Structure formats: C-alpha cells, structure tokens
1. Report, to one decimal in Å, the Kirkwood hydrodynamic radius for the range 1-133 based on all distinct Cα pairs.
2. If Rh is defined by the Kirkwood formula over all Cα pairs and Rg also comes from Cα, what ratio Rg/Rh do you get for the range 54-199?
3. With the contact rule set at Cα under 8 Å and sequence spacing of 6 or more, what percent relative contact order holds for the chain?
4. Remind me, what semi-axes does the range 3-63 give for its equivalent ellipsoid, largest first in whole Å, using sqrt of 5 times each Cα gyration tensor eigenvalue?
5. Can you check what the net charge comes to around residue 186, using other residues whose Cβ is under 11 Å from the Cβ of residue 186 (Lys, Arg +1; Asp, Glu -1)?
6. Roughly speaking, what % of Cα-Cα pairs in the range 116-169 are separated by over 19 Å, rounded to a whole number?
7. Computed over the Cα atoms of the chain, what is the ratio Rg over Rh, Rh following Kirkwood?
8. Using only helices, what value at 222 nm comes out for the chain when you add -39,500 (n - 2.57) per DSSP H run of length 4 or more and divide by the total residues, to the nearest 500 deg cm²/dmol?
Amino acid sequence: MTKPEQYAVFGHPIKHSKSPLIHQQFAVQTRQNIEYTRQDVDAEQFVSATRNFFAGGGHGLNCTVPLKELAWKFADDLTQRASYSKAVNTLARQADGRILGDNTDGIGLVTDLLSNHQIKLDNINILLLGAGGASRGILQPILQQQPKRLVIVNRTVEKAVNLATEFTELGNLIGCGYNDLEHQSFDLILNATSASLSGQLPPLPEKLLANKGICYDLAYGNEPTAFVRWGQQQGAAKSLDGLGMLVEQAAEAFYLWRGIRPETQVMIEQFNTNRNQSN
Ligand code: NDP
C-alpha cells in the first residue's frame, strides 16, 4: 500500500481537537488514503512549523486558535471568502507548490443551518453577537444568503461598528453595543462570542428573540451552553450549538483537499448520541 498523504491540525491548545477523529472518519468513508494528525503549535512556532510541514510533503493543514490570522498572512493565494475574513482555517498545497488559504467556518455554519436544520437565512433579521475572528469568518457567507438586515453587537462597540463598515458593500448591516438592542427583536441570534467557553452570557435584553425565533451558539460542548439554555428559556423554536458547524467546516476542508464531499449527517448524529450518553 502506498504511504498515506499527510494532513494535520495546528493550534494551541490542541489536545481536545476533534478534527483528527472527524477527518480520519471522512477518509474511511470516502476511501481516501490519508493520515491526519494534531500538533501543538503556538503563534511563535507557526511559520517554521508550517514551512517544515509542507516542505516534508504535507498536503493540507487546518489552523485553529490562535493561528487563523497568521495562516491568512502565510498563504500565497486566498479564496474570496478567506480574503474577506482575513482569517484562514485551511491551507492546501496546490499542484504548483503554492499554498492556498481558505476559510471554511462560514460555509460550515451556513450548511449546518440550511441543510441540517432547514433554517432559511434570506429576508430575515439576524443578530450576530461578537466581533472577533469567528464573526469576521462567517460574515460573507451569511450575507451571501441575503438576510433582510444583520446587526453586529459587541462589548467593545467600536469593533462591531468597524466590522459592519468593512462589510457594508455586501449587505444591509450595522454595528452597535448591547445597550442599543432594547426594543428590537430578531428571527435568528448567532452567538459568536467566546463567552460560552467560560459559562457566561452576553448582556441580552428581554424580548430580543422574535416569536418562533432561532438561537445558534457557535461554541459547543457536552452540556448545553449558557446561550443554548438562554434560547430555550426564551422559547426559541430551535436552540442549537456549533457541533454541526464543526463537522461541516471540516467536510468543506476535506472537499478542498480531496475533491470529494463526505457524508456529514451520520457523524453529527454519532457525536450527538455520544454526548447524550455522557450526560
Ligand atoms: P475571539 O477571541 O476572536 O472573539 C471573542 C468575541 O467574544 C469578542 O467579540 C469579545 O468581545 C466577545 N466576548 C468574550 N467574552 C464576552 C462576554 N463575557 N460578554 C460579551 N462578549 C464577550 O474568538 P473567536 O471569534 O475566535 O471565537 C468565538 C467563538 O466561536 C468561540 O466560542 C469559538 O469556540 C467559536 N467557534 C466555533 C467554530 C465551530 O466550528 N463551531 C469555529 C470557530 C469559532 P470584545 O471584542 O469586547 O472582547
């Protein structure tokens, strides 16, 4: 048997990453001869580790916290969505040896919403919580779905306003602070803050969620996140976390690397079963 082609995920910390498991399962399912490993790489080590990986014959890399902006700078070429997001989670060695940078987070989220949960994004009011890397990464694919209006809200208001200004040509969007949300309501609230990672909730006013509205936390865990629980308390039609997004962004990266699209539903169901059993 020929030697498997090499893929990896770099990040710091990295030991809890589900990416090796996801990609190995995609490979078995699609009969691709690859090996996917994880490597603890911090910001200082990033450039040399990435050069070594590709010089050693590596085919593709995923980059996670805190490396996405560095990966964006490292890439020789960028997809349009990576160019907008100024962050890269997927690097691919092309036939001519140049390194292509892509950002599959946003399309992963959109696929999870549209295909896995039948949540349409066109002509609805969307509130996006947070103005960090994840928000930046998902804005272009979300705006491509033509929502009626998108509001970005952030604790540091200036970052929300600047982000909205940067993407203004792509849709109807504004940036503001949490105090400006009184008396507004939204069909879909996306939580792209890192508050959930420490069990916290952004300061959300009552009646923020429209009747039959939907909540989606980009973060995920074995237990429902604080924001998923908030959505349930507000009577959301669905209150979801980012596990589906994680699997879908990986599927998109796999497609970029191997030209074959893996089946994702089975894996999402399997992850859901496992976490229900561990609760
Ligand atoms: P960043 O550190 O770049 O940004 C964090 C954002 O959260 C900032 O806007 C920050 O506001 C805000 N924030 C942090 N704590 C609070 C709080 N207590 N109240 C209100 N706002 C808060 O993080 P990322 O954008 O990279 O990641 C955000 C989330 O998205 C994480 O939970 C991450 O796990 C998730 N994610 C999930 C993915 C998936 O596949 N499911 C993929 C990518 C990300 P301020 O600017 O004021 O500091």
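The values are calculated or read from the model by the stated rules, or taken from the named source; none is laboratory data. Values in this document were obtained by computation on a predicted structure and should not be read as measured data. Cβ sites come from the backbone with ideal geometry, for glycine too, and all protein chains shown count toward neighbours. SASA here: full protein model, heavy atoms, side chains in, ligands and nucleic acids out. Shrake-Rupley method; radii C 1.70, N 1.55, O 1.52, S 1.80 Å.
1. 16.0
2. Rg divided by Rh gives 1.01.
3. So the answer I get is 15 percent.
4. One finds semi-axes of 21, 15, 6 Å for the range 3-63.
5. Cβ neighbours under 11 Å give a net charge of +2.
6. That fraction is 24 percent.
7. 0.97
8. When only DSSP H runs of four or more count, the value is -10500 deg cm²/dmol.
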